[in-house]
1. List every residue whose amide H lies under 5 Å from the amide H of A:Glu69, counting only residues 5 or more places away in sequence or on a different chain, with H placed 1.01 Å from N in the peptide plane.
2. Would you mind pulling out the separation of the Cα centroids of segment B:274-325 and segment A:88-104, in Å?
3. Which distance in Å, rounded to a whole number, links the C-alpha centroids of segment B:387-416 and segment A:1-61?
4. State the extension gain, in nm to one decimal, for the chain segment bounded by A:Ala28 and A:Thr86, taking 0.36 nm per residue of separation less the distance between their alpha-carbons.
5. Classify the protein assembly as shown as rounded, prolate or oblate from the Cα gyration tensor: take a ≥ b ≥ c as the square roots of its eigenvalues, call it rounded if a/c is under 1.5, otherwise prolate when a/b beats b/c and oblate if not.
6. Cut-off under 29 Å on the C-alpha distance; same-chain residues fewer than 8 positions from A:Lys119 excluded. Which lysines are left, in chain and number order?
7. Taking only the Cα atoms of segment A:293-443, how large is their convex hull per residue, in Å³?
8. Out of the trypsin sites (Lys or Arg not before Pro) in segment A:1-91, which ones are loop residues according to DSSP with at most 13 other C-beta atoms within 10 Å?
Amino acid sequence: MIQELRILPPLAIARFGAAPTPMDNYDAVVDPQRPLGYRDLVPAETFEVDAQSGEIVGTFVPPRVTFTEDGNVRPVAPFLEVWALTDGGELELLTTGLLEDEGASSSDLQWRVQVANLKVFRRTSIEADKVSADTGDFSGHGRRTLRGTCPNFLPGKTIPFGHVQYIKPTDDHPGIRLRFTPAGGFVYGASRTLAPQAPLDRNVVDAVYDARPGRGTWLGYSDEDPGRPTTVPGGIYAQDPPASGISSGYLDDGCDGVVRLTLTVGGRELSAFGRVGAGPPTYAPDAVPIRTVADELEQALFGPSNKPDEATLERVEEIVRRAFETIRLMNTPAMNEQGNGMAGHDNGARRRFEPIMARSLVDEVALENLHESLLVALRSGTAPWFADVLRDYDEIGDLSDRGRRKMPALMRGADGRHLTLTRRQIDLIRTLARGPIFADENDTP
Amino acid sequence: MRSRITRHLGSVLAERVAVGPSAAEETIEPAVPPLELSGRDYAIFLLRLAAEVEHGLMVQYLFAAYSLGAPDAPEDRQADVRAWQETILGIAKEEMGHLVTVENLLTALTAPLNFNREEFPHTTPLYPFGFKLQPASLDSLATYICAESPEEWEVPEDEEQDIKNRADVAAGAPVNRVGLLYAELMRVLSDETTISPDDFNDASRAFQASWHEWGRGYRQGQRGREAMSSLPDLPAPELLIIEVGTRAQALNAIAQVGEQGEGLEPGTENESHFQRFLAIYRGMNELGDHVGVRRLATNPTTDLEGPDIGEPEDPNTTTPIVHEEAKLWAHLFNVRYRKLLVNLSHAFELSDDPSDRATLTPRGALIHRTFSEMYNLRAIAGLLVERPVNSGDPDGPRAGPPFQIPHTLMLPQDEGGRWRMHRDILDAAAIVIERLTSEGSADGQDYLAALGQADETERGQIELLIAGSALTPSPNGAPPA
């Protein structure tokens, strides 16, 4: 008997794309013989979904990984699966068979998806600036468009946030799933007139925001106006003139929200929910940033400390690999200087300007090589020796030479200060650093 | 035959060193250079000797540190042994700082640098003791304590005498204090009649090593703490990398280097090498001699037919590494050690002028590569200490890192030649890596694959530098190679 339902993954992140065909699956794999190289993108088994019926009509492994189609980026459109916690305490994929055992069918499931884009509201604090979409309850398998509406939009204007589709189970694929396909990744604009004046700003696909007098204030908004609940860092919106602090009135078609599911069986109502979000495409799919949302979630789930048997050199190696993969994508000499570099940000935080590192040391290729050499040595089995150089979470605002040179260096965290690893990542490295520096002598070949 | 060092020192050793520490400390006469040497030349001679001593101490301390960590220590004391290990590693790093500072002093005097040293075991009368690679023990620690000691020990008299007696027996002769050499340097460099102000080249600082480039955060207790957390009284390493452009800066550098060894200033007693070695000595004395220490062969070498081969645990003789795989790892270790020294010395040939933002040199890359090779030495040492030195005695002593000096550390005159030397070293490494990959055991293969790939990348970068250097005239005006 089904006791509870779960939507897994509990958080699915889609990636924008205007191409009609979603991305195929792939794995980013490290070649053990070339551990310093780029991760190989290995095509993986992918569902083929019929848009009309909503059925999975087959699976395939693409011959190669392709990110675009006719010049457009292919969106990443995640599936959310429904899992059932049954009497034995086991989680198993909810299927039509399991539903039949309960005297139910797939049409008894009720879905509802509510998403929103609150980026403008986050700055203006005006309720009428919230852009939201709601599918209402549905059980059918057709595509449900997520149409973002907003009280401060021009009449009839919306922002499409993509669509969701309840995948129709079949004998070959009896699992219960919902797919979220995000928007194309477009920018929308604002207009001071009811009928937007052509030509539109070349960056926008449509003017949707009503900026007429007495309506929305986003066009012309400034973080620097008195009383604004500014964010840290501030001013991260398109501005006209550039760097003026005055908003260009842009909106995008990103969104996040909640997927809800209810099922009534035997007079019991079971429910579950999951979260979806949409963000930009990954333009470096063969690299993983040094700190990701997954690290945050892992820390939230398992805590800031690692159990002794969880602390493995392989996990440290992965952090180091992500470090040099991150450096590959950085302009480290620029980050060491004024302007938009971290040294420039520190200058903005009222620290006297100085490069963070000696200028001779920040060539990105040399830094990448240095970090690669950490990984090389770790693969001998030696314990990490660089635990003390890691920046603690409470040192992100230390703008002394000592503080700024801690690792990860030359990078900004979400709060505008120097980036730090999660406490759980740091604890992993420190746990191993306290142990023997060489593998146990008893392991002698 | 007497070494060049001994020949030149003949006229001063008898009165300043060979008669013992106390007499030398009391010497206050003006510097009198040995015959054949001018005053400036004598300072350079002493600095080059100091570089050799610091280099030798660093390597011996690394070897001693790598020997620690055998699993026979009681479980509740293993963290202490780990802390001792990290402390000795920290002292070795500080010796590297001393070496680099001495090279800065040589650079300031526009003198030839010295990254060379003799093979182990070796001694000269100005060495504090006969240098040898041996595992940590009460004997070796006693020797290090005496070498790093101030003239006056603030420890119980019985203990002082015990340590000195043990050190003298272990070293086979009275152990000199390193401080004597620095005292003599201080005397020579202070003497304005011997060294003129013009002898110090302030502009040479652009070529010298700076803390900002080489310090890696080893200051104010910032690094080394984690592994030493079980013994919080042992201080974290503090790297001294001091740039020198004037006499006052030179004297300050020498004073600080000497201070770090002996800890003469009030409040710094626990931070000196002397005190740190003493703390470890006392801990090991309590735990038991050789407990927590790997049985490493002394003075391990890839030279199977050397003149001074002896028993594997005799510190006064060499131990050939005859285990086939261990020998290959030892060769790889030697190649990486050479690479480290060549990177280090090459970095001193390239300037870093902060006021010149337009000229980029590979100096930073060489500095990073130097550290990369330190990581490699640690990695290969870890693989060596797990392998027997002799395949005929699989349970016998382990092979330790040999630290054998390469056939030359002279750099070619022009950049193209230097980068070709780097390429040669990488090619030599590739041959050993290939042999180990095909003939070695599974343990270490992951490391070899990664190392081979890193070397391949570096070789590609060096090819570009060789090609680029062909566009630059060589310093003597000769056509580019």
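Taken together, the values in this text are just the output of simple stated rules run on the coordinates, not laboratory data. Only a predicted model underlies this, so the values are computations on that prediction, with no experimental measurement involved. As a convention, Cβ positions derive from the backbone with ideal geometry for all residues, glycine included, and neighbour counts pool all protein chains shown.
1. Residues meeting the criterion, in which the H sits 1.01 Å from N, are A:Arg74.
2. Computed from Cα coordinates, the inter-centre distance equals 67 Å.
3. 50 Å
4. Numbers: separation 58, 0.36 × 58 = 20.88 nm, distance 3.37 nm.
The span from A:Ala28 to A:Thr86 would gain 17.5 nm if fully extended.
5. Details: a/c = 2.49, a/b = 1.90, b/c = 1.31.
Judged from the Cα gyration tensor, the protein assembly as shown comes out prolate (a/c at least 1.5, a/b above b/c).
6. Straight-distance partners of A:Lys119: A:Lys130, A:Lys157.
7. Working: hull volume 17.0 nm³, N = 151.
Taking the convex hull of the Cα positions in segment A:293-443, it is 113 Å³ per residue.
8. A:Arg64
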